[in-house]
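The values are calculated or read from the model by the stated rules, or taken from the named source; none is laboratory data. All figures in this text were calculated on a predicted structure; none of them were measured in a lab. All Cβ positions, glycine included, derive from the backbone under ideal geometry; neighbour counts span all protein chains shown. Just so you know, the surface numbers come from the protein's heavy atoms only, side chains and all, with ligands and any DNA or RNA stripped out. Shrake-Rupley method; radii C 1.70, N 1.55, O 1.52, S 1.80 Å.
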Amino acid sequence: MVSFSCQKTNLSSERFSKINKSNSATFTALALNPNRPTSPNMRHIALLCLLPTSLHAWEFTPGLPCRLSHETPDAAIELTYDPTRPLYTVTITRTAPWPQTENFQMQFTGPQARRIGTDRHQLSEDLQSLTVADTGFGNVLDGLQFNVTTTAIAGETRVPFPLAGIAEPLAAFRACDPSAPVS
């Protein structure tokens, strides 16, 4: 999911009041319309305001398998569930390689803090993706639901993911319906 935002500026504030998601198209039309007198600097500011931000939301994708995913500037996390097997996976992909370690852990920080770990993780050939598969993920799902941050840990490498906004996508993931159409 891509979201757009722009900080309010003092430039032509009477023309650009209430800049937000609902009127960004109007803002674009006003700022970029060649028939409207604006300075080249205003056009550049308008374009910068329309660039995607790093605020990516947790996203649920129905189907077989069901998917729950999230991206930060440093990494992406994707959980899958295939109820026909049944099998859960979690894959964390970074731009830098993961270290080869004997153990992988997930630390959950918040009201129900916990740390869970396994020695059954797999690294991709390029070492940028780390995957854990299991038939039960109750501790992982509860950790995601009842905390504010999860941190993937392999050796000295720590990759945090904020859990804000996960409630609805996680509820849909827990109720995975493999016959639901993929959106």
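Any residue in the range 85-105 that is among the acidic types (Asp, Glu) and modelled with pLDDT of 95 or more sitting within a Cβ distance under 7 Å of a residue that is assigned to a loop (DSSP other than H, G, I, E, B) and surrounded by fewer than 17 Cβ atoms within 10 Å (Cβ to Cβ)? List the pairs, counting only those 6 or more apart or interchain. As it stands, the answer is GLU102/ASP119, since those pairs meet every condition given. Pairs are defined by a Cβ separation below 8 Å, a sequence spacing of at least 6 or placement on different chains, a first member in the range 136-153 that is under 16 Å from PRO111 (Cβ atoms), and a second member that is open to solvent by less than 20 Å² (accessible area, probe 1.4 Å) and in a helix (DSSP H, G or I); the pairs so defined are LEU141/LEU170; LEU141/PHE173; LEU144/LEU170; GLN145/LEU170; THR150/GLY143; THR150/LEU144.
Regarding ILE153, is this residue within 17 Å of ALA75 (Cβ to Cβ) and of a type in the set (A, V, I, L, M, F, W, C)? So ILE153 passes the test. Restricting to the range 120-135, give me the number of residues that are surrounded by 13 or more Cβ atoms within 10 Å (Cβ to Cβ) and free of Cβ contacts under 8 Å to residues at least 40 places away in the same chain. Summing the residues that are surrounded by 13 or more Cβ atoms within 10 Å (Cβ to Cβ) and free of Cβ contacts under 8 Å to residues at least 40 places away in the same chain in the range 120-135 gives 7. Entry remark, the range 154-183: residues being over 20 Å from TYR81 (Cβ atoms) and either surrounded by fewer than 18 Cβ atoms within 10 Å (Cβ to Cβ) or in contact with a Lys or Arg (Cβ under 7 Å, 6 or more places away or on another chain) (or both) number 8 in total. Of LEU64, LEU68, LEU79, all but one fail to be hydrophobic (A, V, I, L, M, F, W, C), assigned to a loop (DSSP other than H, G, I, E, B) and touching a residue at least 40 places away in the same chain (Cβ under 8 Å); the exception is LEU64.
A count restricted to the range 61-72 and to residues that are at pLDDT 95 or above, of a type outside the set (Lys, Arg) and open to solvent by 60 Å² or more (accessible area, probe 1.4 Å) stands at 1.
Scanning the range 91-109 for residues that are in a loop (DSSP other than H, G, I, E, B) and open to solvent by less than 30 Å² (accessible area, probe 1.4 Å) gives a single hit, TRP98. Pick from LEU130, LEU141: which is within 18 Å of ALA171 (Cα to Cα), hydrophobic (A, V, I, L, M, F, W, C) and either assigned to a loop (DSSP other than H, G, I, E, B) or within 21 Å of the chain's Cα centre (by Cα) (or both)? The conditions single out LEU141.
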